[in-house]
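A.B. asks: This structure is in structure tokens; I'll ask about it shortly.
The values are calculated or read from the model by the stated rules, or taken from the named source; none is laboratory data. Since we're looking at a predicted model, the values are computed, not measured. Here the Cβ positions follow ideal geometry from the backbone for every residue, glycine too, while neighbour counts run over all protein chains shown. The area values use the complete protein model at the heavy-atom level, side chains included, leaving out ligands, DNA and RNA. Shrake-Rupley method; radii C 1.70, N 1.55, O 1.52, S 1.80 Å.
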Amino acid sequence: MKSDSTEQSVERIENGHIKKKRNRPSKHIRRSKLTSVPVEDTHVESSDGRDSSRGKAKDSSSSSKQQQSDTSNGLGVMRASNVAFNSVPPLYFEGRAETSYPGRCASPLLPSPEVSKQLLSKSCPDPRACDQSPRMDGDLFQQIKGSSQRKIFSSHWSLDAVNKALEKGEAFKALFRVNAHNRNEAYCKIDGVPTDILINGNVGQNRAVEGDIVVIRLDPLSLWPKMKGFVTESVAKSEVTDSPPEKDNINARQKKSVDVVEGFEDGLSIDGSPVIGQGGKNCVSRSCTPLLDSCLGSSGEKKGNGSAVEKLCGVLSSFPHKRPTGQVVAVVEKSLVRDSIVGLLDIKGWSHYKGGDAKRCKSPSSLSDDEYVQLMPADPRFPKLIVPFHALPGSIGERLENIDPTLEAELVAAQIVDWGEGSPFPVAQITHLFGRGSELEPQIKAILYQNLVCDSDFSPGSLTGLPRVPWEVPEEEVQRRKDLRDLCVLTIDPSTATDLDDALSAQSLPGGFFRVGVHIADVSYFVLPETALDIEAQFRSTSVYMLQRKISMLPPLLSENVGSLNPGADRLAFSIFWDLNREGDVIDRWIGRTVIRSCCKLSYDHAQDIIDGKTDVPEYAWPSLHGSFEWSDVVRSVKQLSEISTTLRQKRFRNGALQLENSKPVFLFDEHGVPYDFVTCSRKGSNFLVEEFMLLANMTAAEVISRAYPDSALLRRHPEPNTRKLKEFEGFCSKHGMDLDISSSGQLHESLEKITGNLKDDSVFVDILNNYAIKPMQLASYFCSGNMKDSVAEWGHYALAVPLYTHFTSPLRRYPDIVVHRAIAAALEAEELYSKQKQTSIDEVRSCFTGIHFNKDAAESMEGKEALSVAALKHGVPSTEILSDVAAYCNDRKLASRKVRDACDKLYTWFVLKKKEVFPCEARVMNLGSRFMTVYISKLGIERRIYYDQIEGLCADWLEATSTLILDKLYFKRGGRGYFKPLEEVAYVVSPSDLCAAKCSALSVHDTESSEAVTKGEVAPAVFPLTVQLFSTIPVVLHAVGGDDGPLDIGARLYMSSYYL
């Protein structure tokens, strides 16, 4: 186990900036067995693992897809999507089990349109009687009142209409994503189109929710706004308006074929394009402009979607300064996140309304079934939800009736059950209650629930097939494998790692050659296809790491004991040996199943000490040594591995690989597991040592399985970056005098290296550049080779600059690696079967399918095809169809794991800042304007905005000509009407006498550094007037926002002193 450190830099580039597109998961994912509280005791599941207690409405498209799924399930195929698991056991609201809603059956009831209409028309009839809470939308009650009397949204197209429009190329299917900073802006990425489609406003979004698969229809070209930040060479040379180019240029561009197929881009991108109309004016008729008619095909022409995509690319190529916009016309697949929206109930807003309505109510606190309470989602990408009182669990209803003020601080989960055409907000029901939002454990439970991460115990059936401990390798298995127990093999992992799935070895050969071995735990020996353990592993798909906690993909008996390459124990492995020359070229290779015995478990620090030649390390600080080996053998192996890895790394970058390295905070925890501080940490040479050999092993495995099983190879691709964002980054660098070449990953890496070389004394700016370089990166994903046989050029990995890549080296924590292991085992077995059929010795045909020289004639011969087919059946190599489902599901689970990890990092940061109250640090100004500035805090590697417009007691003078901001205090109260925020929201002002206290709050109580180091790291406040320019370094204070009264966030304010110069 590398705890993601081995491939951290690669995955950072693969994942892009923060959040990316979610590949579609299997339809049903088992809930975590949390100690949070479900609404009901039981969930009745059907035989295919569906939860029948959830009465979510399905559209005709979903029903059609379900029928297809049922048909495939009838074939007896075992998948993660159709496995039945035990339902969640009864949990309790305040010590009482709840079996149903008051006065309702156990199955949640979807309100009918008539009931919804009555509910919306009767709830909160007088919005003026409601005092506005900071968390209330002042127009909410007015929007809901009378919503039954008008139609807000257009009807979704029928399934037949959708299919016809898709077939003719008049509409496109896409993933719906929402801007986290502005929910009125959403984005849809059409596969094959280099620019995402902007969906503006609630009406245009037409009830779609983050993560839905939708069908969109493009707006007329005349309504497309100008592309912000996209600068072409012609525009750069002469500043022109967004009028169309000359006719000749249009014709020339339309002749060019745009063949760019990209993955989904960053879900948090901020476009800033102007809104196209509001309300009903934003609806676009079905007729297109003549240009789009001619490019995309008129309604009378029958054209395929692929052709329409090519035509659309031609239009975008002709008008690169235009941003395409569209409207949602149908939701064809509802996102699973609709069932797990976490947030807080707006009890304060409801109680204000009830208090204002007391004169008209006999009992202000009495609850009516026609009323509702708001739920404010923690994720700003989701709309506000309305929860009818009759759908509230009894315990929540009682607390609400008693106006319990603590209820507002409780984190809850809700499920969207309806969103009609006449309702401005979706109707939801509460499904879970987690606990107070300001506490660590409820937040972690909510994070897991939101991302559908299974935290329940392993099923009894999955545990029955595990070997008993103590376990020894069976003698017959030793005879079938190559015995490497006399080879000096060692592991290098984090010091706290317990699941060790990779080991290394190095040997010197005559003539200056080296033989390097990578040995990966043979998990496929224990996890056999279509067994209960295999189904459980596939369902979980990946281990989830949360710093202080791990949710394993495999039972601990396997992942930490018999399957883990623990030192001094005989273990089963897949081994790859390469014979390398001093230039890092692979001369020969061997792949096979082996038995190994690791001699020691080194930490990254141990390996780094050996690389650095440190000999003054106390003997007790070294790990135990097993077998007949001496420490000199270990030191020699590590130094050889370090030397070879450096050569491989240099060669990889010469061949065009891209590396973006940033420092990241590491949290310090007390004895109770609560974070109290963080320190900055960067990767060491020992991390890169392991990474190089893991990358080489993954590339080798990809080559083997794609040749042996070209239709059933599970590979991993990383598309080229988003063109628009990469151009924006290029323009940013050009504007500030930095020459950036974005023609390829290699040129990008080389030019970034030159830029950072000139900025070697400014590590903060280097971090900023790397962050900007990551933002255009697309999401890497697993795929089945058989699905992309006609587009082999798109199999490549952009960041690594290699044509083939997969995951092979972490089978204890990633299910795709187990799938790859089975394919390699089948290829090895096929070699033996082929030798028997040809009646030759195995040595004569050894490595004909797995060696460095692939024998294509043997693979295409009748004997070879039969051998490969029989071996595939024996080892469970899946068909193209099944493997495609596995790849899509694993993509979803890998992204969910990443989201959990990022959310936990933010949560731990929030808790540290909450404990410190304020945390002074330095920030670099990245963006500057008349309303706000964007600052980069290198200590945490995050960006934050500071707004300074309309602040009482603050004057903000923006000098456009010099891009300079001057902030100064006002000594008089502003006149006139309008709301001005208090100065405390933008600046943390301390007096000179308070500076000592501020200094203490910035330091950890556990800090043991010398006073000289403390003084050196002290951050001094600035004084008014404050002059700020782009890239200025300014002092800020960070503080925790939300918890009991809103979503968790990290706020930033200017750090100022009241002392004036």
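A.B. asks: For segment 628-635, does any single residue satisfy the condition of being in contact with a strand residue (DSSP E or B) (Cβ under 8 Å, 6 or more places away or on another chain) and either of a type in the set (Ser, Thr, Tyr) or open to solvent by 10 Å² or more (accessible area, probe 1.4 Å) (or both)?
C.D. replies: Filtering segment 628-635 for residues in contact with a strand residue (DSSP E or B) (Cβ under 8 Å, 6 or more places away or on another chain) gives 629, 633-634.
Going one step further and asking which of them are either of a type in the set (Ser, Thr, Tyr) or open to solvent by 10 Å² or more (accessible area, probe 1.4 Å) (or both), we end up with 629, 633.
Yes, there is a match, as at least one residue in segment 628-635 is in contact with a strand residue (DSSP E or B) (Cβ under 8 Å, 6 or more places away or on another chain) and either of a type in the set (Ser, Thr, Tyr) or open to solvent by 10 Å² or more (accessible area, probe 1.4 Å) (or both).
A.B. asks: Of the residues that make up segment 952-975, is at least one under 15 Å from residue 1038 (Cα atoms), open to solvent by less than 10 Å² (accessible area, probe 1.4 Å) and either among the hydrophobic types (A, V, I, L, M, F, W, C) or in contact (Cβ under 8 Å) with a residue 24 or more places away in the chain (or both)? Full working, then the answer.
C.D. replies: Just the residues of segment 952-975 that are under 15 Å from residue 1038 (Cα atoms), to begin with: none.
The answer is no, given that none of the residues of segment 952-975 is under 15 Å from residue 1038 (Cα atoms), open to solvent by less than 10 Å² (accessible area, probe 1.4 Å) and either among the hydrophobic types (A, V, I, L, M, F, W, C) or in contact (Cβ under 8 Å) with a residue 24 or more places away in the chain (or both).
A.B. asks: Another question, then. Sort out which residues of segment 773-803 are open to solvent by 20 Å² or more (accessible area, probe 1.4 Å) and more than 18 Å from residue 891 (Cβ to Cβ), and write them in order of number.
C.D. replies: 775, 789, 790, 792, 793, 801, 802, 803, listed by residue number.
A.B. asks: Go through segment 416-444 and give me each residue that's closer than 16 Å to residue 906 by Cβ and crowded, with 23+ Cβ neighbours inside 10 Å.
C.D. replies: Of everything in segment 416-444, those that are closer than 16 Å to residue 906 by Cβ and crowded, with 23+ Cβ neighbours inside 10 Å turn out to be 437, 443.
A.B. asks: Test residue 900 against the criterion of being more than 23 Å from residue 816 (Cα to Cα) and open to solvent by less than 10 Å² (accessible area, probe 1.4 Å), and give yes or no.
C.D. replies: It is false that residue 900 is more than 23 Å from residue 816 (Cα to Cα) and open to solvent by less than 10 Å² (accessible area, probe 1.4 Å).
A.B. asks: Residue 408: at pLDDT 80 or above and farther than 30 Å from residue 177 by Cα, yes or no?
C.D. replies: So residue 408 fails the test.
A.B. asks: A further question follows. Would a scan of segment 918-937 turn up a residue that is β-branched (Val, Ile, Thr), open to solvent by 10 Å² or more (accessible area, probe 1.4 Å) and within 30 Å of residue 543 (Cα to Cα)? Can you show your working first?
C.D. replies: Of all residues in segment 918-937, those β-branched (Val, Ile, Thr) come to 918, 925, 934-935, 937.
Now restrict to residues that are open to solvent by 10 Å² or more (accessible area, probe 1.4 Å): 918, 934.
Then keep just the ones that are within 30 Å of residue 543 (Cα to Cα); that gives none.
Checked against the condition, which is being β-branched (Val, Ile, Thr), open to solvent by 10 Å² or more (accessible area, probe 1.4 Å) and within 30 Å of residue 543 (Cα to Cα), segment 918-937 yields no hits at all.
A.B. asks: Would you pick out the residues in segment 738-766 that are open to solvent by less than 20 Å² (accessible area, probe 1.4 Å) and in contact with a strand residue (DSSP E or B) (Cβ under 8 Å, 6 or more places away or on another chain)?
C.D. replies: 765
A.B. asks: Suppose we keep only residues that are closer than 21 Å to residue 529 by Cβ and touching a residue at least 12 places away in the same chain (Cβ under 8 Å) within segment 472-495. Which one would you say is most open to solvent (accessible area, probe 1.4 Å)?
C.D. replies: So, considering only residues that are closer than 21 Å to residue 529 by Cβ and touching a residue at least 12 places away in the same chain (Cβ under 8 Å), the one most open to solvent (accessible area, probe 1.4 Å) is 480.
A.B. asks: Still on this model: Inspect all residues belonging to segment 684-701 and state whether any of them is part of a loop (DSSP other than H, G, I, E, B) and touching a helix residue (DSSP H, G or I) at 6+ places or on another chain (Cβ under 7 Å).
C.D. replies: Filtering segment 684-701 for residues part of a loop (DSSP other than H, G, I, E, B) gives 684.
Now drop any that are not touching a helix residue (DSSP H, G or I) at 6+ places or on another chain (Cβ under 7 Å), which leaves 684.
Yes, segment 684-701 has at least one match.
A.B. asks: Taking the stated definitions as given, is residue 564 touching a residue at least 40 places away in the same chain (Cβ under 8 Å), among the polar types (S, T, N, Q) and open to solvent by less than 10 Å² (accessible area, probe 1.4 Å)?
C.D. replies: Working: touching a residue at least 40 places away in the same chain (Cβ under 8 Å): yes; among the polar types (S, T, N, Q): yes; open to solvent by less than 10 Å² (accessible area, probe 1.4 Å): yes.
Considered against the rule, which asks whether it is touching a residue at least 40 places away in the same chain (Cβ under 8 Å), among the polar types (S, T, N, Q) and open to solvent by less than 10 Å² (accessible area, probe 1.4 Å), residue 564 comes out as yes.
A.B. asks: Take the conditions loosely packed, with under 15 Cβ neighbours inside 10 Å, part of a strand (DSSP E or B) and either in contact (Cβ under 8 Å) with a residue 40 or more places away in the chain or in contact with a Leu (Cβ under 6 Å, 6 or more places away or on another chain) (or both) and apply them to residue 946. Does it pass? First the steps, then the outcome.
C.D. replies: Values: loosely packed, with under 15 Cβ neighbours inside 10 Å: no; part of a strand (DSSP E or B): yes; either in contact (Cβ under 8 Å) with a residue 40 or more places away in the chain or in contact with a Leu (Cβ under 6 Å, 6 or more places away or on another chain) (or both): yes.
No, not satisfied.
A.B. asks: OK, next. Can you pull out every residue in segment 762-814 that is under 24 Å from residue 944 (Cα atoms), outside any loop (DSSP other than H, G, I, E, B) and either touching a residue at least 40 places away in the same chain (Cβ under 8 Å) or within 18 Å of the chain's Cα centre (by Cα) (or both)?
C.D. replies: 763, 764, 765, 767, 768, 770, 771, 772, 773, 774
A.B. asks: Scan segment 427-436 and give yes if some residue there is touching a residue at least 40 places away in the same chain (Cβ under 8 Å), among the small types (Gly, Ala, Ser) and closer than 22 Å to residue 449 by Cα, otherwise no. Spell out how you get there, then give the answer.
C.D. replies: Step one: of segment 427-436, the residues touching a residue at least 40 places away in the same chain (Cβ under 8 Å) are 427-436.
Restricting the remaining residues to those that are among the small types (Gly, Ala, Ser) gives 428, 435.
Applying the additional criterion that residues be closer than 22 Å to residue 449 by Cα yields 428, 435.
Among the residues of segment 427-436, at least one is touching a residue at least 40 places away in the same chain (Cβ under 8 Å), among the small types (Gly, Ala, Ser) and closer than 22 Å to residue 449 by Cα, which makes the answer yes.
A.B. asks: Can you tell me which residues in segment 636-671 are of a type in the set (Ser, Thr, Tyr) and either over 30 Å from residue 742 (Cβ atoms) or open to solvent by 30 Å² or more (accessible area, probe 1.4 Å) (or both)?
C.D. replies: Taking segment 636-671 as the starting set, the residues that turn out to be of a type in the set (Ser, Thr, Tyr) are 637, 642, 645-647, 663.
Residues satisfying the conditions are 637, 642, 646, 647, 663.
A.B. asks: Name the single residue that is surrounded by the fewest Cβ atoms within 10 Å (Cβ to Cβ) among those in segment 182-203 being closer than 21 Å to residue 779 by Cα and at pLDDT below 90.
C.D. replies: Out of the qualifying residues, it is 191.
A.B. asks: If you don't mind, another one. Could you look through segment 704-728, keep only residues that are among the hydrophobic types (A, V, I, L, M, F, W, C) and surrounded by 21 or more Cβ atoms within 10 Å (Cβ to Cβ), and pick out the one that is farthest from residue 780 (Cα to Cα)? Give the derivation first.
C.D. replies: Step one: filter segment 704-728 for residues among the hydrophobic types (A, V, I, L, M, F, W, C), giving 704-705, 708, 713-715, 726.
Restricting the remaining residues to those that are surrounded by 21 or more Cβ atoms within 10 Å (Cβ to Cβ) gives 704-705, 708, 713-715.
Values: 704: 20, 705: 19, 708: 23, 713: 16, 714: 13, 715: 10 Å.
Only one residue fits best here, namely 708.
A.B. asks: Continuing with the same structure: Considering only residues of segment 338-367 that are among the hydrophobic types (A, V, I, L, M, F, W, C) and open to solvent by less than 20 Å² (accessible area, probe 1.4 Å), which is modelled with the lowest pLDDT?
C.D. replies: Across segment 338-367, the extreme among qualifying residues is 350.
A.B. asks: Can you name the residue in segment 593-610 that is open to solvent by 40 Å² or more (accessible area, probe 1.4 Å) and under 16 Å from residue 493 (Cβ atoms) and is also modelled with the lowest pLDDT among such residues? Before you say what the answer is, go through the steps one by one.
C.D. replies: We begin by selecting, within segment 593-610, every residue open to solvent by 40 Å² or more (accessible area, probe 1.4 Å); these are 593, 597, 601, 605.
From the residues that got through so far, the ones that are under 16 Å from residue 493 (Cβ atoms) too are 601, 605.
Working: 601: 96, 605: 92.
Residue satisfying both the conditions and the ranking: 605.
A.B. asks: How many residues does segment 861-874 hold that are open to solvent by less than 30 Å² (accessible area, probe 1.4 Å) and either on the phi > 0 side of the Ramachandran plot or part of a helix (DSSP H, G or I) (or both)? Please lay out each step first, then the result.
C.D. replies: Going through segment 861-874, the residues open to solvent by less than 30 Å² (accessible area, probe 1.4 Å) turn out to be 861, 864, 867-868, 871-872.
Pick out the ones that are also either on the phi > 0 side of the Ramachandran plot or part of a helix (DSSP H, G or I) (or both) and you get 864, 867-868, 871-872.
Result for segment 861-874: 5.
A.B. asks: I need every pair where a residue in segment 887-913 that is in contact (Cβ under 8 Å) with a residue 12 or more places away in the chain has its Cβ under 7 Å from the Cβ of a residue that is among the hydroxyl-bearing types (Ser, Thr, Tyr) and assigned to a helix (DSSP H, G or I), sequence separation at least 6 or different chains.
C.D. replies: 889/81; 890/815
A.B. asks: Still on this model: State whether one or more residues within segment 530-548 are among the acidic types (Asp, Glu), assigned to a loop (DSSP other than H, G, I, E, B) and surrounded by fewer than 19 Cβ atoms within 10 Å (Cβ to Cβ).
C.D. replies: Looking through segment 530-548, at least one residue is among the acidic types (Asp, Glu), assigned to a loop (DSSP other than H, G, I, E, B) and surrounded by fewer than 19 Cβ atoms within 10 Å (Cβ to Cβ).
A.B. asks: When you scan segment 688-703, how many residues do you find that are of a type in the set (A, V, I, L, M, F, W, C), within 23 Å of residue 825 (Cα to Cα) and open to solvent by 10 Å² or more (accessible area, probe 1.4 Å)? So that I can check it myself, show each step before the final result.
C.D. replies: Pass one, segment 688-703, residues of a type in the set (A, V, I, L, M, F, W, C): 688-690, 693-697, 699, 701-702.
Those left that are additionally within 23 Å of residue 825 (Cα to Cα): 693-697, 699, 701-702.
Subset that is open to solvent by 10 Å² or more (accessible area, probe 1.4 Å): 696, 699.
Of the residues in that region, 2 qualify.
A.B. asks: Give the residues of segment 157-174 that are open to solvent by less than 10 Å² (accessible area, probe 1.4 Å) and either part of a strand (DSSP E or B) or among the acidic types (Asp, Glu) (or both), sorted by residue number.
C.D. replies: Taking segment 157-174 and keeping what is open to solvent by less than 10 Å² (accessible area, probe 1.4 Å), we get 162, 165, 169, 171-172, 174.
Matches in segment 157-174: 172, 174.
A.B. asks: If you scan segment 378-415, which residues turn out to be touching a helix residue (DSSP H, G or I) at 6+ places or on another chain (Cβ under 6 Å), touching a residue at least 12 places away in the same chain (Cβ under 8 Å) and not in a strand (DSSP E or B)?
C.D. replies: Listed by number, the residues that qualify are 403, 407, 408.
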